[in-house]
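Okay, structure first, notes after.
Please treat every number below as a calculation from the coordinates, not as lab data. Since this is a predicted model, take the numbers as computed values, not measurements. Using ideal geometry, Cβ is built from the backbone for each residue, glycine included, and neighbour counts are taken over all protein chains shown.
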Amino acid sequence: MAYPINWTCPACGSIINNSNSCNVCNYSPPAESGLLEAAKKSERLIKERALAFLIDMLVLNLIIGIAAYIFIATQATGEQLIRAVNVMLLPALLIGLAAHPFYLLALELMLKGRTYGKAIMKIRVVKLDGSRAGFAGLLIRNMMRFFEALTLYIISFYYINKSTSSQRLGDKIAGTMVVKV
C-alpha cells in the first residue's frame with residue numbers, strides 16, 4: 001500500500017513520498033511504530049479542516065446573502081431590485097471576506113473551540129497541551145487570516161511582475177491569462 005503523505009526515514013533521514021519504505025536505504029517502519037499511521041491521520045485532519053472551513057464559509061455567505069437580500073428587498077422593487085442586487089454583490093462579498101475571521105472567532109469562543117464546520121467534522125481548536133484555547137489564542141489565530149491572505153496576494157502579485165506574460169500564479173497553474181478585449 002502506498003502512503004500519500006511525506007515521512008522522514010529514521011534510518012537515513014531521507015524524505016519519503018507516497019511509499020511505505022525508504023527508497024534510499026530500504027528501511028520499512030514496523031507497523032507498530034505508528035510512523036505511517038500518524039502520516040495518514042495528519043492527511044485526514046487536513047482534509048477535515050478544509051471541509052470544515054468550506055462549510056463555515058457557506059454558512060457565513062448564506063447569512064450575508066440573506067441579510068443583503070432582506071436589505072435590498074425592503075429598499076427596492078421590480079427593475080430597481082435587479083439593479084440593487086447587482087450593485088450589492090461586490091460589497092456583500094467584501095463584507096464576507098472582512099467578516100470571516102470575526103465570524104470564526106465568535107463561533108470558536110461560543111462553541112468552545114468549534115465552528116459549525118468543525119462541529120460537523122468533529123474537530124476543535126485547542127492549545128498545544130490539549131487544553132481549551134482561550135480568547136487570546138483564538139483571537140491571534142483568526143486575525144492571522146488577514147496576514148495569510150495578504151501574503152498570498154503579495155506572492156501572487158510579485159509573480160505577475162516577474163512573469164513576461166503578466167500572469168498571476170493562479171493563471172500560470174491554470175494555464176490562463178487576462179487579456180484586454
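Descriptive notes on the structure:
- By the Stokes-Einstein formula, at 1.002 mPa s and 20 °C, region 91-157 with its Kirkwood radius over alpha-carbon pairs has D equal to 165 µm²/s.
- Under the combined filter of DSSP loop state and at most 15 neighbouring Cβ atoms within 10 Å, region 96-139 retains these trypsin sites (Lys or Arg not before Pro): 112, 122, 127.
- Nonlocal amide H pairs with residue 114, under 5 Å, H built at 1.01 Å: 125
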